[in-house]
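One structure is given below, encoded as structure tokens.
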Amino acid sequence: MSAVPTVQSFSSVYAERVNPQWVRLLDLLQMNATYERCSGAELFTAGGRRVLDFLSGYCVHNAGHNHPAIVAALKDELDRGGPAMLQSHVPELAAQLAQRLTERAGGRMERVFFCSSGSEGVETAIKFARAHTRRAGLLYAEHAFHGLTCGALSLMSDPFWGRGFGPMLPETTAVPFGDAAALERQLASKKFAAFFVEPIQSEGGIQLPPPGYLKTAQELCRRYGTLLVLDEVQTGMYRTGDFLAAHRFGVEPDMVILAKALSGGLVPVGAVLMPRAVSDSVFTSLQRALVHASTFGENALAMRAGLATLDVLEHESLGQRAGLLGAELRRRLDAALAPYEMVKQVRGAGMLSGIEFQAPRRLSLRLAFAAFERIHPAMFGQVLVMRLFRDHGILSQICGNHFMVLKVAPPLVVDEAQIQAFVRAIRQVMEEAHQSKGFWTEAIGMATRLLQV
Ligand SMILES: Cc1ncc(COP(=O)(O)O)c(C=O)c1O
């Protein structure tokens with residue numbers, strides 16, 4: 001019998017048995033911490049360090065880590081010993097959660113398909129859109145991030161994610177995000193089942209749509225018989241202030257994909273909201289009652305967590321809080337970062353913000369920056385992430401499809417003092433990037449090590 005690994009050896013066992021490159025990357029970034037306890041927007045390491053979470057597991061922890069009400073609901077569900085994953089009954093909790101979600105979403109959202117991840121939601125939406133429209137084509141926005149299963153990957157233009165995994169789905173076409181004319185040119189062919197788009201592109205660099213774009217997209221999609229599918233995996237669940245970002249932009253999509261924050265960061269979940277007619281196109285007969293299904297989709301823990309999460313987000317008015325504190329965060333960032341030429345823009349909605357950086361103009365900085373960029377385009381951002389973590393105890397990350405944007409997405413329960421701590425930290429790191437040779441020497445050293453591993 002093999003020995004149970006000690007905490008110290010977890011990393012090497014993980015590296016040996018799961019993914020060595022992930023451990024190496026965390027080590028290189030000096031971010032390989034062992035967390036013992038997580039609560040609200042705070043993470044506590046085994047060494048007793050407090051880390052502020054400004055990433056939220058990529059928008060999973062809207063309700064804050066281990067919210068006591070969600071934990072209690074899950075414990076209660078386990079204690080109840082009720083039916084779980086029978087695959088042979090009508091799950092009561094799925095009915096309740098579907099009711100709540102469709103009520104909150106409003107518009108044409110009348111049915112829900114539950115699954116266990118955002119990517120699975122995207123796969124579901126692809127199938128349902130094709131079944132409903134009897135068309136094969138799929139449109140999507142450049143620089144989108146929709147997940148890493150093959151169907152979702154087929155809706156992502158950045159080659160990094162798909163390289164080596166092809167061939168992808170045929171008949172997929174990218175259009176520039178925010179360009180209604182380009183969208184119409186494609187839609188006019190009437191070969192597209194759906195247009196997949198994130199209302200705010202998250203991994204694409206916290207890109208907000210141009211005013212009116214999503215409404216125009218909705219009108220165009222209707223005109224040409226294409227379903228508008230909003231991927232709200234990061235933007236949903238009050239992240240941008242409203243229950244859905246669709247609400248803040250006044251759009252009524254044909255399908256909405258939710259995941260991540262829906263179950264309070266404790267149980268995998270995904271949900272695709274849609275009109276009855278779309279759902280009926282798939283479940284057309286008794287024989288097809290389970291023609292699209294997923295073993296874990298309606299499991300009691302995910303459903304219970306979803307209900308408890310909605311309660312928490314609503315009882316604590318976390319959407320409103322995200323709206324107010326998010327705007328305050330961007331105001332503070334704008335003021336604190338104004339003196340720094342490498343800061344191009346602070347933007348966002350609710351508690352989903354991005355700080356975009358740019359190459360410096362000053363010659364001394366420009367040379368170091370260019371050397372750095374040649375090593376890897378993500379290096380500059382990763383050094384910021386590393387310094388924020390190591391020197392200031394702030395967990396953050398750059399956007400997956402736009403390395404010059406630092407994502408700022410704390411749990412919606414974040415408080416003003418924590419926001420101030422973040423603003424102070426990023427200001428200090430920017431000051432060092434602009435004034436201290438040490439920043440660049442250390443960074444070049446790290447980049448060199450990166451090339452060696
Ligand atoms: C916008 C968006 N859609 C879909 C996904 C895929 O979700 P999952 O990782 O749960 O499959 C992600 C994941 O980050 C995402 O950000």
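The values are calculated or read from the model by the stated rules, or taken from the named source; none is laboratory data. None of these values were measured; they are calculated from a predicted model. Here the Cβ positions follow ideal geometry from the backbone for every residue, glycine too, while neighbour counts run over all protein chains shown. Surface accessibility is based on the protein's heavy atoms, side chains included, excluding ligands, DNA and RNA. Shrake-Rupley method; radii C 1.70, N 1.55, O 1.52, S 1.80 Å.
Sorting D391, D53 by accessible area (1.4 Å probe), largest first, what list results?
D391, D53
Let me have the 222 nm mean residue ellipticity of the chain computed from DSSP H runs of 4+ only, each contributing -39500 (n - 2.57), with the sum over all residues rounded to the nearest 500.
Calculated at 222 nm, the ellipticity per residue is -14000 deg cm²/dmol.
Rounded to the nearest 10 Å², what accessible area does F283 show when all protein chains are kept and the probe is 1.4 Å?
It works out to around 60 Å².
Calculated FRET efficiency, I444 and S12, Cβ-Cβ r, R0 30 Å, to nearest 0.05?
0.60
Take every Cα pair under 8 Å in the chain that's 6+ residues apart, average their separations, divide by the length, and report that relative contact order as a whole percent.
Rounded, it is 21 percent for the chain.
Keeping every protein chain present and rolling a 1.4 Å probe, give me the accessible area per residue for the stretch 308-356 in Å².
Per-residue accessible area for the stretch 308-356 comes out at 38 Å².
By its C-alpha gyration tensor, with a ≥ b ≥ c as the square roots of the eigenvalues, how is the stretch 87-221 shaped: rounded for a/c under 1.5, else prolate for a/b larger than b/c, else oblate?
Verdict is prolate for the stretch 87-221.
Counting only pairs 8 or more places apart or on different chains, how many lysine pairs in the chain have C-alpha atoms closer than 20 Å?
Qualifying lysine pairs in the chain: 5.
On the full set of protein chains, 1.4 Å probe, figure out the accessible area of W22 and give it in Å² to the nearest 10.
Accessible surface of W22 is approximately 120 Å².
Assign one of three labels to the stretch 411-453, namely rounded, prolate or oblate, based on the Cα gyration tensor with a ≥ b ≥ c the square roots of its eigenvalues; rounded applies when a/c is under 1.5, prolate when it is not and a/b is larger than b/c, and oblate otherwise.
Verdict is oblate for the stretch 411-453.
Are there any trypsin sites (Lys or Arg not before Pro) in the stretch 362-453 that are in a DSSP loop and have at most 14 other Cβ atoms within 10 Å? List them by number.
Qualifying residues, ordered by number: R362.
Counting only the backbone N, which residues of the stretch 107-140 are under 18 Å from the spot 7 Å out from the Cα of R185 toward its beta-carbon?
Within reach of a label on R185, which here means backbone N under 18 Å from a point 7 Å along Cα→Cβ, the stretch 107-140 contributes 138-140.
Roughly what would the spin-label model give for E110 and E416, points 7 Å off Cα along C-beta, in nm?
Taking the simple label geometry, E110 and E416 are separated by 4.7 nm.
Once you wrap a convex hull around the alpha carbon atoms of the stretch 236-321, what is its projected area averaged over all directions, in nm²?
6.4 nm²
What's the carbon and sulfur percent of the chain's accessible surface, probe 1.4 angstrom, rounded to a whole number?
Reported share for carbon and sulfur atoms: 54 percent.
From Cα pairs below 8 angstrom and at least 6 apart in sequence, can you work out the relative contact order of the stretch 224-348, rounded to a whole percent?
Contact order relative to length: 24 percent.
Would you work out the relative contact order for the stretch 276-424, in percent, from Cα pairs under 8 angstrom that are 6 or more residues apart?
19 percent
Measure nothing but the geometry: give the 0 to 90° angle between the long axis through the Cα atoms of 213-223 and the longest principal axis through the Cα atoms of the chain, rounded to 10°.
Value to nearest ten degrees: 30.
If you build the Cα gyration tensor of the chain and take the root of 5 times each eigenvalue, what three semi-axes come out, in whole angstrom, biggest first?
36, 27, 22
According to the square roots a ≥ b ≥ c of the eigenvalues of the Cα gyration tensor, what is the shape class of the stretch 23-163, taking rounded for a/c under 1.5, prolate for a/b larger than b/c otherwise, and oblate for the remainder?
It comes out oblate by the Cα gyration axes.
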